[in-house]
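Asker: The structure follows.
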Amino acid sequence: MPVLKLLSQLPLSVLYVLSDCLYVLVYHIWRFRRQLSLSNLRNSFPDKSATELDLIARQAYRNACNMIAEVLKGAVIGEQELRERVRIVNAEALTRFTQAGQTVILLASHHCNWEWLLLAGCLEPGVRVDAVYKPLRVAIMDRFFLEMRSRFGGNPISIKGFQSAILRHRGTARVLALVADQTPPWNEKKRWTRFLNQDTAFFVGAD
C-alpha cells in the first residue's frame, strides 16, 4: 500500500513512461496471453492482415498498461484535473430521476477508463454512486481500490452483499453502477450470443 501511494504521487507523464516499459515487458518479453489475444483477434476480424492484427494487439496491451498508470493516479488526482480529463455529458438525465426519488441503474463496460468514470460521476451534484465490485484476492490491493473508489463520495458495494444492500436502502434514490461485461462463471446462468464472430456468454444480472 505505501508503495502504491508513493507511485501515485508521481506526475502522470512519468507514470505513462513506466507503464510503457511495463507494456514492453508484458507484450514483447513475457508475451502474456499474446497468442490467445491474436487468435481472438483473427476470429473477430478475419478480413484484417496479420500486420493489422498485431498492431491492434499492441495498442490494446499498451492501453491496458496505461490504465494501470491512471488507476494509480486516481488515488490522488485532484477534482479540477479530473474534471478536465473526464467530462460527464447530460448528467441531468440521471438527476432528473434521483431527484424524483427513483433509483437509476447505470451500465458500463471495461472500455476507456471505468475507474475515472466512477470518480468523475461522483463529482456531479445530486449523484450518489453505489458501485458494485468483486473483492480482490490480495487484501492490500482490495484496500487500495476501495479507498480510491470512495474518494469523492462513491460507495463501493461487494457483489456478495449487493442484494442485501439493495433491500436495505430500497427507499433511497441513488445511482447503481454495474460494469458486468466479463465472462460469467461456468456455474452461473448466462446468455449466449454471436459477438465478433464468436459464441460469447454474457451476464444476465443487469435485466
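Asker: Given a 1.4 Å probe and the protein chains all in place, what does the accessible area of residue 158 round to, in Å² to the nearest 10?
Answerer: 30 Å²
Asker: Compare 10, 123 by solvent-accessible area with a 1.4 Å probe and give them largest first, with all protein chains kept in place.
Answerer: 10, 123
Asker: Now for a different question. Along the Cα-to-C-beta direction of residue 147, a point sits 7 Å from the Cα; which residues of the stretch 1-35 have their amide N less than 19 Å from that point?
Answerer: Correct set: 1-12.
Asker: How big is the antiparallel share of DSSP beta bridges in the chain, given as a percent to the nearest 5?
Answerer: Antiparallel bridges: around 30 percent, rounded to the nearest 5.
Asker: Let me ask something additional. Given the options 108, 93, 120, which has the most mean-square fluctuation in a GNM of the chain, springs set between C-alpha atoms less than 10 angstrom apart?
Answerer: Residue with maximal mean-square fluctuation among 108, 93, 120: 93.
Asker: So how far apart, in nm, are the two label points at residue 192 and residue 64 if each is 7 Å from Cα heading toward Cβ?
Answerer: 2.6 nm
Asker: Here is a follow-up. Which of these values of semi-axes √(5λ) of the Cα gyration tensor in Å was calculated from the structure shown: (1) 43, 19, 14; (2) 31, 24, 17; (3) 27, 22, 18?
Answerer: (2)
Asker: Mind ranking 73-82, 137-146 by how tightly packed they are, going by the mean number of other C-beta atoms within 10 angstrom, highest first?
Answerer: 73-82, 137-146
Asker: Which whole-Hz couplings ³J(HN,Hα) result when phi for each residue of the stretch 171-183 is put into the Karplus expression 6.51 cos²θ - 1.76 cosθ + 1.60, θ = phi - 60°, listed in order with x for Gly and Pro?
Answerer: Each residue of the stretch 171-183 in turn: x, 10, 6, 7, 10, 9, 9, 10, 10, 10, 10, 6, 6 Hz.
Asker: Okay, next question. Give the long-range amide H neighbours of residue 157: residues separated by 5 or more places, or on another chain, with amide H under 5 Å away, using H modelled in the peptide plane at 1.01 Å from N.
Answerer: Under 5 Å from the amide H of residue 157 lie the amide H atoms of 131, 132, 133, each far enough along the sequence or on another chain.
Asker: Put +1 on the Cβ of each Lys and Arg and -1 on the Cβ of each Asp and Glu in the chain; which of 177, 67, 77 then has its Cα farthest toward the positive end of the dipole?
Answerer: About the Cα centre, the residue reaching furthest to the positive side is 177.
Asker: If you don't mind, there's one more thing I want to ask. Which whole-number value in Å² is the accessible area per residue of the chain, probe 1.4 Å?
Answerer: Here the per-residue accessible area is 64 Å².
Asker: If I build a Gaussian network model for the chain, linking alpha-carbon pairs within less than 10 angstrom, which residue out of 17, 89, 129 has the largest mean-square fluctuation?
Answerer: 89
Asker: Return the carbon/sulfur percentage of the accessible area of the stretch 47-192, one whole number, probe 1.4 Å, all protein chains in place.
Answerer: Carbon and sulfur atoms account for 54 percent of the accessible area of the stretch 47-192.
Asker: Sequence-distant or interchain residues sharing an amide H contact under 5 Å with residue 103, placed H: which?
Answerer: Residues meeting the amide H criterion: 174.
Asker: Mind pulling the angle between the C-alpha long axis of helix 12-23 and the longest principal axis of the chain? Nearest 10 degrees, somewhere in 0 to 90.
Answerer: The angle comes out near 50 degrees.
Asker: Of 163, 19, 146, whose Cα points farthest to the positive end of the dipole of the chain (charges on the beta-carbon: +1 Lys, Arg; -1 Asp, Glu; origin at the Cα centre)?
Answerer: Of the candidates, 163 comes out farthest on the positive side.
Asker: With θ set to phi - 60°, apply the Karplus curve 6.51 cos²θ - 1.76 cosθ + 1.60 along the stretch 124-135 and write out the HN-Hα couplings as whole Hz, x wherever there is a Gly or Pro.
Answerer: 3J(HN,Hα) across the stretch 124-135, in whole Hz: 6, x, x, 10, 10, 9, 9, 9, 7, 9, 9, x.
Asker: I'd like the Karplus ³J(HN,Hα) series for the stretch 70-78: coefficients 6.51, -1.76, 1.60, θ = phi - 60°, whole numbers in Hz, and an x wherever there's a Gly or Pro.
Answerer: 6, 5, 4, 5, x, 6, 9, 4, x
Asker: Still on this structure, please answer the following. According to a simple spin-label model (label point 7 Å from Cα along Cα-to-Cβ), what is the distance in nm between residue 84 and residue 204?
Answerer: 4.8 nm
Asker: Any idea what the dipole of the stretch 161-206 comes to, in debye rounded to 20, about its Cα centre with Lys/Arg Cβ at +1 and Asp/Glu Cβ at -1?
Answerer: Rounded to the nearest 20 debye, it is 240 debye.
The values are calculated or read from the model by the stated rules, or taken from the named source; none is laboratory data. Predicted, not measured: the structure shown is a model, and the values here were computed from it. Cβ atoms come from the backbone with ideal geometry, glycine included; neighbour counts cover every protein chain shown. For the accessible areas, the whole protein counts, side chains as well, though only heavy atoms, and no ligand, DNA or RNA atoms are used. Shrake-Rupley method; radii C 1.70, N 1.55, O 1.52, S 1.80 Å.
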